[in-house]
Amino acid sequence: MCRSLAVPLVVVLLLLSCPLPSSDAQTFRPVVRGKRGVVAGGHPLSVEAGMRILQQGGNAADAGVATILAASVIEFSHFSFGGEVPILIKMKGKDVSVVEGMGPAPMKATREFFVNREKTAVSGMATMAGAKSGPIPSTGPLPATVPAVLDACVVALDQFGTKSLAEVIQPAIELADGFPIDELRVEYIQKRSPVFAQWPDAKRIFLPNGNVPKVGDLFVQLDLARTLREIVKAEKEAVRRTSNVREKRHLGLTAARDYFYRGPVGQRIGDYMQKNGGLIAAEDLARFHARIGSPVKADYRGYEVYKAGFWTAGPALVETLNLLEGYDLKKLGHNSPDYIHTLAEALKLALADRDRYYGDPDFVKIPTTQLLSKDYAALRRSLIDRQQASLAQQPGDPLNMRAVLASFTPSISRASAVPEVERANDTTCVNVVDKDGNLFSATPSGAWLPAVVAGDTGVLMGQRLQSALTDPNSPNVVAPGKRPRITLTPTVVLKNGEPFMVLSTPGGDNQDQALLQVLLNIIEFGMNPQEAVEGPRFDTQHYVSSFDDHEFLPGSLNIESRIDEKTITELKSRGHKIKVQSGWGTLSSPTVITYNSQTGVSSAGADPRRGRYAVAW
């Protein structure tokens, strides 16, 4: 941790590691409040990186990028430098913007390649690593998309930040030089160590001297540290060469990203992947550039809820809120049978539309206006039976403004085929509010364990292409240069046009379900941020999974055991297929920060389910 940090920050971190009830609610952790900024994320040292930048005069974008980069080093069980990161940013006086930090499929990633590969695997003649895993495998070099993290961070800094890449990446470099590894990371390495045997460079890093690291050991990633330093050196050299003071920062950032994507690092990544059964080539990295996009928006009872576009799952939350606007949720009662039933049925409808219509807008024509309209939601709302759970997958027909699509073949559940150690391993989250009320929300993911390490670059390659399908009728069918539709879904909320809240979470297909409940806990039921993230939750799996086997589990409803038995019994009587989980057992683990535009005070909640953290200044 940086020696320049003030003592109160250390005190806050210590408080967050202890299950202390807050003074204003029976929660495991207190609400974290501050007036000069709040950073929230998935590891104390990731959060420290962002707070360090705020204390050095950076804004929310600077701090958010620093937190992402630190997380890409230290949270490798869930996210690494070779992954992806959609970002939502709201700067004072400007509209909400989206940094589209999702890399595309390699140009060699054709549908025919994966279909033929599956046929070969079925015939027993497969020789390529990971061939047993299905059409698009969950691990190995084949599911890798172009790494998007660095360019997304560069774009965010260039367009919204004030700091250089060298400044915000310094904490990540220090972490790559060595950090004390925690229990969670050790557990992930232990469980997935058999997979590392296939990939010597991964084994060299994650099994130093052939052994699983011990909790508290300094975990070192020398190759990655060297790569990060080379990127910074390229930035500094470009700045030194130019005499144009106004352009120095932009030219430095451009040089840094070019060194990675068009220079030596990209070349080494491409060469490694080509030699080891992957599809990514150096040309794929050179072709990529993250861009600024427009968000989608829900107007919900005086709140403006912003999500990334249809290349993500985010618009499904907009659809769900439009559906729920027709109900008096307060009257239904928080987590009552009627409340849970109504939310679950609305989510089923929104997710059915996601599975039928969402995909990369560069490749697919999507009826965006209709899908997000209030009139369409009114039509779809009529499908919700207040007493009976739906077991059907029911996408609508937005083009013809009909509640149900007439000619639709529902998805069929498949038996599990992917070994547990090779399954998708989730995500992390980053949220920042600075002293001026600037908002930053990101959902970093990809390149989780087990991952292929691209040789001596130290870069873990992602597995996001597994979210694409080989179904030729799906808008999410795999294609060269196409982004797979992702579950990553950061969120920005305004209230009457003023900054109000940022929230995001890990959790795969459950992300927007958890965020919906946290959002409603705050704006419908008046909970503080910590109450909102700790409250008992539920989620449905009534959708086509974005990962691994792409299962569809009709009528499923997971419920934490803190929800009372009477409610669970009533939901079962309505036809929900209930799976009772432990009291804190749902997959997602959000952080949320609210902002009071009158006082300038930010208040944060961090879910204890899977170790989220928030720090205020």
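The values are calculated or read from the model by the stated rules, or taken from the named source; none is laboratory data. Since this is a predicted model, take the numbers as computed values, not measurements. Please note: Cβ atoms are built from the backbone with ideal geometry, for glycine as well, and neighbour counts cover all protein chains shown.
Below is a table of values for the structure above.
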item: Single match in Ser589, Ser582, Ser597, Ser561 (criterion: surrounded by fewer than 19 Cβ atoms within 10 Å (Cβ to Cβ) and closer than 30 Å to Leu439 by Cβ); result: Ser597
item: Residues of segment 318-338 that turn out to be closer than 13 Å to Phe538 by Cα and in contact with a Phe, Trp or Tyr (Cβ under 9 Å, 6 or more places away or on another chain), as a count; result: 2
item: Subset of segment 475-504 (residues that are closer than 23 Å to Asn528 by Cβ and basic (Lys, Arg)); result: Lys495
item: Single residue of Asp328, Asp375, Asp397 found to be out of contact with any Lys or Arg (no Cβ under 9 Å at 6 or more places or on another chain), surrounded by fewer than 23 Cβ atoms within 10 Å (Cβ to Cβ), acidic (Asp, Glu) and within 24 Å of Lys572 (Cα to Cα); result: Asp328
item: Residue among Thr470, Thr505, Thr489 that alone is in contact with a Pro (Cβ under 8 Å, 6 or more places away or on another chain) and closer than 22 Å to Arg29 by Cα; result: Thr505
item: Every residue from segment 334-367 that is among the small types (Gly, Ala, Ser), in a helix (DSSP H, G or I) and within 18 Å of Ser474 (Cβ to Cβ); result: Ala350, Ala352
item: Meets criteria (buried (at least 16 other Cβ atoms within 10 Å of the Cβ), among the β-branched types (Val, Ile, Thr) and at negative phi) for Thr320; result: yes
item: Residue that is of a type outside the set (Asp, Glu), at pLDDT 95 or above and outside any helix (DSSP H, G or I), where the choices are Val232, Val215, Val239, Val186; result: Val215
item: Checklist (1) assigned to a helix (DSSP H, G or I); (2) without any contact (Cβ under 8 Å) to a residue 12 or more places away in the chain applied to His250, failing item; result: (2)
item: Filter result (more than 14 Å from the chain's Cα centre (by Cα), more than 21 Å from Ser597 (Cα to Cα) and in a helix (DSSP H, G or I)) within segment 475-525; result: Leu516, Gln517
item: Odd one out for Lys214, checked against (1) surrounded by fewer than 20 Cβ atoms within 10 Å (Cβ to Cβ); (2) in contact with a helix residue (DSSP H, G or I) (Cβ under 8 Å, 6 or more places away or on another chain); (3) closer than 19 Å to Gly458 by Cβ; result: (3)
item: Selection within segment 175-232 - touching a residue at least 12 places away in the same chain (Cβ under 8 Å) and polar (S, T, N, Q); result: Gln190, Ser193, Gln198, Gln221, Thr227
item: Candidates Ala49, Ala70, Ala63 - the one that is in contact with a strand residue (DSSP E or B) (Cβ under 6 Å, 6 or more places away or on another chain), in a helix (DSSP H, G or I) and aliphatic (A, V, I, L, M); result: Ala63
item: Residue that is farthest from Val430 (Cα to Cα) [pool: residues in segment 31-46 that are in a strand (DSSP E or B) and aliphatic (A, V, I, L, M)]; result: Val32
item: Hey, Thr162 of a type in the set (S, T, N, Q), under 22 Å from the mean Cα position of the chain (by Cα) and assigned to a loop (DSSP other than H, G, I, E, B) or not; result: no
item: Residues of segment 526-569 that turn out to be more than 25 Å from the chain's Cα centre (by Cα), of a type outside the set (Lys, Arg) and not in a loop (DSSP other than H, G, I, E, B), as a count; result: 4
